[in-house]
Amino acid sequence: MRDHLDELEAQSVYIIREAFKKFEKLGMLWSIGKDSSVMLWLVRKAFMGHIPFPMLHVDTKYKIPEMIEFRDNLAKEWGFELIVETNWDVYNAKKTFPEGNATRIECCSALKKDALQSLISKNDFDAVFAGIRRDEEGTRAKERYFSPRNTKFQWDFKDQPPELWDQYKTDFAPGTHIRVHPLLHWTELNIWEYIEREKIPVVPVYFSGQGKCPPDERYRSLGCEPCTSRVKGEAKNASEILVQLKQSNIAERSTRAQDQEAEDAFEQLRAQGYM
Amino acid sequence: MTDSQSTSHLRPKSDHPLRIVIVGHVDHGKSTLVGRLFHDTGSLPEGKLESIQASCERRGVPFEWAFLMDAFKSEKDQNITIDTAQIWFHTEKRQYVIIDAPGHKEFIKNMVTGAAQADAALLLIAADEGVQEQSKRHGYLLSMLGIKQVVVVVNKMDLADYSETRFNEVCAEYREFLSGIGVEPMGFVPVSAREGDGVATLSSKLNWYGGGHIVDTLDAFSQPPKKADDVLRFPLQDVYRFDHRRILAGRIESGSLKAGDTLTFYPGGKQSKIKSLEFWEQEALNSVGAGQSVGITLETQLFVERGHVAIRSEQGPIACSDEIRARLFWLGQRPLEVGRGVKVKLATQEVEARVHQIHRLIDASTLNVQNEGAKEIRKNDVAEVTLRLREEIAFDNADVCEGTGRFVIVDDYEVAGGGIIVDAPYRSTQEKAQAQPISPRERNALLGHEAGLIIFGDSLSEDSRTLVENRLHQKRILTYRLSDDEGSHLTSLLNAGVVVLAEHKAESLKHLGAHQMLLSSEDDVQKIDTFILRLKGLSDSRDFEI
């Protein structure tokens, strides 16, 4: 073990391999953000460069355009299977927040949560990987590495399985599925340290002056364009982001508007099946 | 980084954080201590204080520090921690992960989940209520979970008039309990988390106390030593077949390995040399050690699979047995009765097990011991038992190697208990063979393949059927073609390890648990060689040879 990043990596690789061994129908939720890009990199570490299951993207059609360009290029370059799901009914009917016909939470609920559920049931997945971290937000701080969802996709956070000694919940009743969280123990700082060390490609708008970012603005967290704002500050690469992060005392998801709605709105979304 | 000179006030570099769990009886102030600790050390993220204030105002309650960790609405509404949470924290000395655990008896499984990940523990006891049921049960569980560094925090000193006498009473009572289970705490610290006395600063109200505050206490814990020099324990997690290499993957639990080492795989005792270590996008290392997830190739092809534990041959064998003596804690709603079938997961091994005998049943909060005649272990109880396993597994005593010395018990899809092995009655394979029936694994080893079922589609020609049967036979696989009136024998044949060739008609053939293949068209016949590899354990169960 050379350093802390090696420990984080080894633990995540163990979890990814464990899920691959235990679940027949497996996919990885790839939001195209920095975390899921690290997660995809760890898959290649686990399987000697191979990516033996599909990447799944829930496309709301409101994503920052650079994300979609990055997604399609990387899928081509690395040659993995990509499954994209969109809730066209709601999108075409314009029952969305950007069209002024839904609250932010209703919009997230339809375009992300419902689309994700339809993606999972259409493909009959036993388990899907999701790149959430404990340090992002309070309900995620209480998650398990292997977290069951019932037949209605709900998260019963009041009755989670015990998880100890790297023995995970890999036995599950028919109709339920497992969310696997290989990055749960990483922090935002760790993610950028690892991106810097491994030279992992990320969407350029994380850096100031890229895409529509002015020279002194960048995205700290990526999501749908209407609900995600940029942060002030110049950072042209991962190491400059690290310098800023170490001085910052502002929560990472403070730029994601849906998190700032009613106190338990995000908890409700997650309980109903959101990432 | 360019400004390293001016960053002394910033977070220390991301080293391995020390993981601290906070445990103790319900309402003794665990979540409050965490909230106060964050506030008093200036660690709250911007806006957090205001959002906690808003949550409290909405509920019409006074300011509540616990809302920092209690993220669920129902936790805030009831002012009780339901599930364990983790939060990152740093002092000038180092980084921490603070693990807040629930104190309610109903949520012991969540407390165990949090505590099992910790390097050290703060055990809180409220000065006004003193030692309570969960104070004791948590103390006991910490010792079973192998947490050696424990500091007792006597909280709510404000409700005991900051009295030295009361502090000493609580300490004496709890020290007596701990000595009964052989635990020696590193110290006792008086605080008032709600008022902030003794959290990040020493308080004049506690001027009779000569020790450090909570931040000092955290900094006085030490990183658990790494066991790099121990004997090799490498449990196989999976076998991959990538780029025409057969790669054995797993994580090293202790010791180290390098190319050229001779490995022995248990159970079974097969041997081979390591040909190469396999990496992707990483500088090739000569030697890899404990904690690393690795892939290796062998000089000779062996039938080894997930569950086997590799050791370095010159370091001597690992214990193998179908009987273990263990201490276990039970978390399941349904009691664990003597004789009932459950599943044991130890490292990457999984085996059906049943409790053969309960030697001691302990109520972990009173230490009352029931020595004889116990027939079941109830929720939250601790017991010393003998487990009988359906097959032999490889293991260590927990004090030799934790990774191969402790296990969980799965009962009806759920992890329902955990255990540590306290005795390894080693019996050699030969001795066992005289006394025990032959296991399916041993039968497979004799045949060189596992059982399987090949189903012929209705449209498949007779020529193709014969071709498949011959190909299998040529590859030294024991086959049998099932005629229409022999359907009732199928299970027995599969149990015996035979690869059965059958007609499609019988829908009931599905889901028997053996390797299966459906040959519905002439094209499918090409896939028979891949299936043969799978039967011989030379390919992963899913076909993705690339």
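The values are calculated or read from the model by the stated rules, or taken from the named source; none is laboratory data. Just so we're clear, the structure is a prediction, and the values are computed from it rather than from any experiment. A quick note on method: Cβ atoms are made from the backbone with ideal geometry, for glycine too, and the neighbour counts reach across all protein chains shown.
In this entry, A:Phe70 passes the filter for residues that are more than 14 Å from every other protein chain (Cβ to nearest Cβ) and aromatic (Phe, Trp, Tyr).
Entry remark, the stretch B:468-509: residues being closer than 19 Å to B:Asp529 by Cβ, surrounded by 14 or more Cβ atoms within 10 Å (Cβ to Cβ) and in contact (Cβ under 8 Å) with a residue 24 or more places away in the chain number 10 in total.
When B:Ile125, B:Ile99 are checked against the criterion of being buried (at least 20 other Cβ atoms within 10 Å of the Cβ), under 19 Å from the mean Cα position of the chain (by Cα) and closer than 19 Å to B:Ala200 by Cα, a single residue qualifies: B:Ile99. In the condition set (1) more than 9 Å from chain B (Cβ to nearest Cβ); (2) in contact (Cβ under 8 Å) with a residue 60 or more places away in the chain; (3) surrounded by 17 or more Cβ atoms within 10 Å (Cβ to Cβ), A:Lys25 is compliant with all but (3).
Residues B:Ser222, B:Ser204, B:Ser192, B:Ser254: which one is among the hydroxyl-bearing types (Ser, Thr, Tyr), within 14 Å of chain A (Cβ to nearest Cβ) and either loosely packed, with under 14 Cβ neighbours inside 10 Å or closer than 24 Å to B:Val21 by Cβ (or both)?
B:Ser254
For the stretch A:79-98, the tally of residues that are out of contact with any Asp or Glu (no Cβ under 7 Å at 6 or more places or on another chain), more than 16 Å from A:Cys227 (Cβ to Cβ) and hydrophobic (A, V, I, L, M, F, W, C) stands at 5.
Counted as qualifying within the stretch A:58-156 are the helices (runs of 4 or more DSSP H) with 3 or more residues that are surrounded by fewer than 20 Cβ atoms within 10 Å (Cβ to Cβ), namely A:65-78, A:88-92, A:115-123.
For the stretch B:170-190, indicate whether the set of residues that are under 22 Å from the mean Cα position of the chain (by Cα), among the aromatic types (Phe, Trp, Tyr), assigned by TED's automatic domain parsing to the domain that holds B:Leu68 and assigned to a helix (DSSP H, G or I) is non-empty.
Scanning the stretch B:170-190, I find no residue that is under 22 Å from the mean Cα position of the chain (by Cα), among the aromatic types (Phe, Trp, Tyr), assigned by TED's automatic domain parsing to the domain that holds B:Leu68 and assigned to a helix (DSSP H, G or I), so the answer is no.
Pairs linking a residue in the stretch A:195-209 that is charged (D, E, K, R) to a residue that is in a loop (DSSP other than H, G, I, E, B), with Cβ atoms under 8 Å and 6 or more positions apart or on different chains, are A:Glu196/A:Asn237; A:Glu198/B:Glu281. Exactly one residue out of B:Glu299, B:Glu281 is surrounded by fewer than 19 Cβ atoms within 10 Å (Cβ to Cβ), over 19 Å from B:Phe407 (Cβ atoms) and in contact with a strand residue (DSSP E or B) (Cβ under 6 Å, 6 or more places away or on another chain): that is B:Glu299. The combined condition, being within 11 Å of chain A (Cβ to nearest Cβ), within 22 Å of B:Gly24 (Cβ to Cβ) and not in a strand (DSSP E or B), is fulfilled by B:Val112. Can you tell me which residues in the stretch A:137-151 are more than 18 Å from B:Tyr413 (Cα to Cα) and either of a type in the set (A, V, I, L, M, F, W, C) or more than 11 Å from chain B (Cβ to nearest Cβ) (or both)? Residue satisfying the conditions is A:Ala141 alone. Filtered by the rule that a residue be part of a loop (DSSP other than H, G, I, E, B) and modelled with pLDDT of 80 or more, the stretch B:347-365 gives B:Ala347, B:Thr348, B:Asp363.
Residues in the stretch A:103-132 that are among the basic types (Lys, Arg) and under 18 Å from the mean Cα position of the chain (by Cα): A:Lys112, A:Lys113. The set of residues from the stretch A:152-164 being among the hydrophobic types (A, V, I, L, M, F, W, C) and either free of Cβ contacts under 8 Å to residues at least 12 places away in the same chain or facing another protein chain (nearest Cβ under 7 Å) (or both) comprises A:Phe157, A:Leu164. Scanning the stretch A:165-189 for residues that are at the interface with chain B (Cβ under 8 Å from one of its Cβ atoms), out of contact with any helix residue (DSSP H, G or I) (no Cβ under 6 Å at 6 or more places or on another chain) and not in a loop (DSSP other than H, G, I, E, B) returns a single hit, A:Gln167. Would you call B:Leu336 surrounded by 15 or more Cβ atoms within 10 Å (Cβ to Cβ), free of Cβ contacts under 8 Å to residues at least 24 places away in the same chain and either within 14 Å of another protein chain (Cβ to nearest Cβ) or farther than 30 Å from B:Gly448 by Cβ (or both)? Spelling it out, it is not the case that B:Leu336 is surrounded by 15 or more Cβ atoms within 10 Å (Cβ to Cβ), free of Cβ contacts under 8 Å to residues at least 24 places away in the same chain and either within 14 Å of another protein chain (Cβ to nearest Cβ) or farther than 30 Å from B:Gly448 by Cβ (or both).
Table: residues versus (1) under 25 Å from A:Arg197 (Cα atoms); (2) away from chain B (no Cβ under 14 Å).
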site: A:Ser12; (1), (2): yes, no
site: A:Ile16; (1), (2): yes, no
site: A:Phe53; (1), (2): no, no
site: A:Ala75; (1), (2): yes, yes
site: A:Asn92; (1), (2): no, yes
site: A:Gly100; (1), (2): no, yes
site: A:Arg104; (1), (2): no, yes
